Amino acid sequence: MRFEVDFLVVGSGIAGLSYALKVAPYGKVCILTKGDAAEGSTRYAQGGIAAVMYDSDSFDKHIQDTLVAGDGICNREVVEMTIREAPDRIRELVQYGVNFDLDRKGDKFDLHREGGHSEFRILHHKDNTGEEIERGLLEAARRHPNIEIKERQFAIDIITQHHLGQRVTKHTPNIECYGVYALDCDTNRIDTYLSRVTLLATGGMGNVYSTTTTPVISTGDGVAMVHRARGVLADLEFMQFHPTSLYNPAEKPAFLITEAMRGAGAILKDRDGKEFMQKYDSRLSLAPRDIVARAIDNEMKLSGKDYLYLDARGIGKKHLIEGFPTIYAKCLSIGIDITRDMIPIRPAAHYQCGGIKVDRNGESSIHNLYAAGECSCTGLHGGNRLASNSLLEAVVYAHNAAQATISTYLQIDLSTHRQVPDWNAEGMVLNEEMVLITQTKKELQEIMWNYVGIVRSDLRLQRAFDRLNLIFRETEDLYNRSVLTEPLSELRNLIACAYLIIKMARARRENVGLHYSLDLIEKKV
Ligand code: FAD
Ligand code: SIN
């Protein structure tokens with residue numbers, strides 16, 4: 001089937017929904033989402049969203065913290081713009097119906113602190129902030145008459161001049177986006193969505209790794225689509241590993257233990273119950289994430305252990321149960337009483353700092369294609385994202401993209417779009433051997449975890465690249481013979497993302513932010 005809309009949004013997390021709500025008064029909006037609308041990283045966000053709301057803090061301090069965490073390679077202009085816009089975007093979230101916790105008096109927001117922040121500035125809703133944001137935005141979007149949310153619709157590819165038979169390379173000037181092809185996961189039909197403006201808000205790619213806090217939908221689809229469409233991507237070597245996911249090996253995704261717990265006083269300890277962060281950084285357990293994750297990784301390697309501990313007992317029973325109810329209940333469900341026991345933790349792949357390169361308006365290198373949220377690369381995070389700056393970036397760039405598209409979308413003529421042919425699946429057969437896909441995915445995730453993880457080396461990257469090559473060839477062969485399915489498409493996307501991470505990691509010849517190679521240690525200035 002063919003559909004035509006003004007604004008096409010791929011993804012229904014904080015970025016996609018925020019954008020949709022802003023453009024909806026101006027035209028018809030269609031949101032495609034590959035699972036249930038509420039599923040995505042947004043709903044699992046625990047700690048909260050960073051913003052300077054009161055005079056006790058300052059924009060300058062938040063800017064400085066972001067630049068320091070980013071290890072000197074953030075785009076300063078972007079950092080300043082994002083942080084100064086934050087209070088307005090927070091007020092809008094509240095207007096959409098999102099609740100943040102208030103302090104005891106009830107007249108100000110209750111603020112938490114996380115690693116790398118010099119002040120208490122994290123707005124939150126207990127320890128389930130993302131669930132509250134997703135609820136508020138989704139309810140607002142569902143109420144809007146101009147927004148249609150289509151669940152279980154898997155965007156496969158961005159439509160460009162390539163689909164009109166023209167040769168498109170990364171050097172082609174003026175690549176244009178006409179919409180996307182999407183697989184209806186219930187009927188297996190591939191539909192053509194034509195749009196004046198398309199926004200990718202497809203989230204992260206944590207499932208490139210075997211241990212990740214991100215949900216199963218985080219397979220880097222947006223990044224892979226832009227790669228295939230010859231758009232510009234950046235900074236993919238900067239994969240952020242969260243220092244403290246709950247050690248519970250059978251569980252996927254790994255359950256997160258929020259950094260706000262360390263902000264409230266929880267301390268990292270080794271398996272003998274001794275503190276170790278003093279060996280690595282004067283900010284101890286509250287140093288930026290790249291430093292803490294590397295310290296934990298090193299301690300685990302030195303001791304040969306699979307996990308270390310987070311000791312939250314000093315926070316006090318009342319505060320733990322009332323302030324961190326989700327974590328308290330989760331740990332209790334596997335026999336850990338966090339008011340009495342230390343929490344076993346290990347790092348897990350958590351957030352992709354790089355992605356689809358966009359300008360200040362959220363526009364990618366492909367005309368009429370915008371990106372916001374975790375799939376994008378704005379320059380805010382540099383080499384390492386400051387905690388709780390991700391939800392913030394998503395709302396700021398959704399706003400900027402909405403402003404830019406509202407003023408231009410009517411000038412975009414749909415006559416070329418209408419020449420786009422439907423997807424051609426002739427001659428394809430249904431691949432019935434799911435094991436080919438599931439096993440390859442596992443192999444890929446292990447390769448990335450073992451060779452392209454927290455600590456890298458030239459040899460490890462080369463090994464990963466060689467092994468990936470084989471997996472790539474086998475999967476492309478399968479793709480060329482098979483009817484397209486969601487698992488096969490996700491696997492191809494994960495392979496493309498892994499390839500891009502390795503390629504960019506090999507090109508980065510200094511240790512900066514989250515990219516840390518044993519072969520580059522001396523070159524650190
Ligand atoms: P998501 O919320 O991940 O949504 C992606 C959407 O895209 C989904 O709707 C998905 O179905 C859809 N999609 C993807 N591919 C396709 C496709 N091919 N076709 C159709 N639809 C598609 N950040 C903070 O700032 N503060 C925090 O406290 C915080 N805590 C976190 C805790 C956890 C456990 C995790 C995993 C992340 C956390 N983060 C936090 C990071 C933050 O939650 C995410 O970066 C952010 O929510 C991403 O929002 P998004 O809208 O870009 O993507
Ligand atoms: C956390 O709550 O520790 C996650 C915060 C983030 O990823 O920004």
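The values are calculated or read from the model by the stated rules, or taken from the named source; none is laboratory data. Keep in mind that what you see is a predicted model, and the values were worked out from it rather than measured. Heads up, the Cβs are rebuilt from the backbone with ideal geometry, glycines too, and the neighbour counts pull from every protein chain shown. To get the accessible areas, we keep the full protein, side chains included, count just its heavy atoms, and leave off ligands, DNA and RNA. Shrake-Rupley method; radii C 1.70, N 1.55, O 1.52, S 1.80 Å.
Among beta bridges from DSSP that stay inside the chain, the antiparallel ones total about 55%. A Förster radius of 41 Å, combined with the Cβ-Cβ distance separating D359 from A329, puts the computed FRET efficiency at roughly 0.45.
Once neighbouring chains are kept in place and the probe is 1.4 Å, which whole percent of the accessible area of the stretch 152-242 is contributed by carbon and sulfur? Could the numbers behind the result be given before it?
Numbers: 1180 of 2630 Å².
Within the stretch 152-242, the accessible surface is 45 percent carbon and sulfur.
Checking every one of the trypsin sites (Lys or Arg not before Pro) in the stretch 87-164 against DSSP loop status and a limit of 13 other Cβ atoms within 10 Å picks out R104, K105, K108. Here the chain is scanned for GluC sites (Glu not before Pro) in DSSP loops (not H, G, I, E, B) that have at most 15 other Cβ atoms within 10 Å, and the longest stretch holding none of them is 1-250. The modelled label-to-label distance for the pair S407/H171, using points 7 Å beyond Cα in the direction of Cβ, is 3.5 nm.
Taking the inverse of the mean 1/r over every pair of distinct Cα atoms in the stretch 1-42 gives a Kirkwood hydrodynamic radius of 10.8 Å.
Here the stretch 377-525 is treated as a Stokes sphere of Kirkwood radius computed over C-alpha pairs; at 37 °C and 0.692 mPa s its diffusion coefficient rounds to 173 µm²/s. With a cap of 15 neighbouring Cβ atoms within 10 Å, and only residues DSSP puts in a loop, list the trypsin sites (Lys or Arg not before Pro) found in the stretch 298-351. For trypsin sites (Lys or Arg not before Pro) across the stretch 298-351 that sit outside H, G, I, E and B with at most 15 neighbouring Cβ atoms in 10 Å, the list reads K305, R340. With +1 on each Lys and Arg Cβ and -1 on each Asp and Glu Cβ, and nothing else charged, work out how big the dipole of the stretch 133-173 is about its Cα centre, in Debye to the nearest 20. Rounded to the nearest 20 debye, it is 80 debye.
Which entries of K170/K503; K269/K305; K305/K503; K252/K318; K61/K108; K252/K441 show an alpha-carbon separation above 22 angstrom in the structure shown? Check vs 22 Å cut-off fails for K305/K503; K252/K318.
With all protein chains kept in place, the per residue accessible area of the chain amounts to 40 square angstrom at a probe of 1.4 angstrom.
Semi-axes of the equivalent ellipsoid for the chain, computed as √(5λ) from the eigenvalues of its C-alpha gyration tensor and ordered from largest down, come to 36, 28, 21 Å.
Placing +1 at every Lys and Arg Cβ and -1 at every Asp and Glu Cβ, with all other atoms neutral, what dipole size does the chain have around its Cα centre, in debye to the nearest 20? Could the numbers behind the result be given before it?
Values: 63 positive and 70 negative charges, 141 e Å.
Once rounded to the nearest 20, the dipole reads 680 debye.
Do you know the relative contact order of the chain, to the nearest whole percent, from alpha carbon pairs under 8 angstrom that are 6+ apart? Working shown, then result.
Values: 1154 pairs, mean separation 110.9, N = 525.
Contact order relative to length: 21 percent.
The percentage of C-alpha pairs in the stretch 172-311 whose separation is greater than 24 Å is 49%.
Bridging of K22 to lysines at a Cα separation below 26 Å is possible for K34, K150, K357, once same-chain residues fewer than 8 apart are set aside.
Taking the Cα centre of the stretch 270-342 as origin and charging only Cβ (+1 Lys, Arg; -1 Asp, Glu), how large is the dipole, in debye to the nearest 20?
Working: 13 positive and 12 negative charges, 21 e Å.
It comes to approximately 100 debye.
Just want the answer: with Cβ charges of +1 for Lys and Arg and -1 for Asp and Glu, which residue in G16, N75, M53 is farthest toward the dipole's positive end in the stretch 1-156? Farthest towards the positive pole: G16.
Counting other C-beta atoms within 10 Å, and keeping those with at most 11, which DSSP coil trypsin sites (Lys or Arg not before Pro) do you find in the stretch 183-285?
On the way: sites: R189, R196, R228, R230, R262, K269, R271, K274, K279, R283; in loops: R230, R271, K274, R283.
Of the trypsin sites (Lys or Arg not before Pro), the ones in loops of the stretch 183-285 whose Cβ has at most 11 other Cβ atoms within 10 Å are K274.
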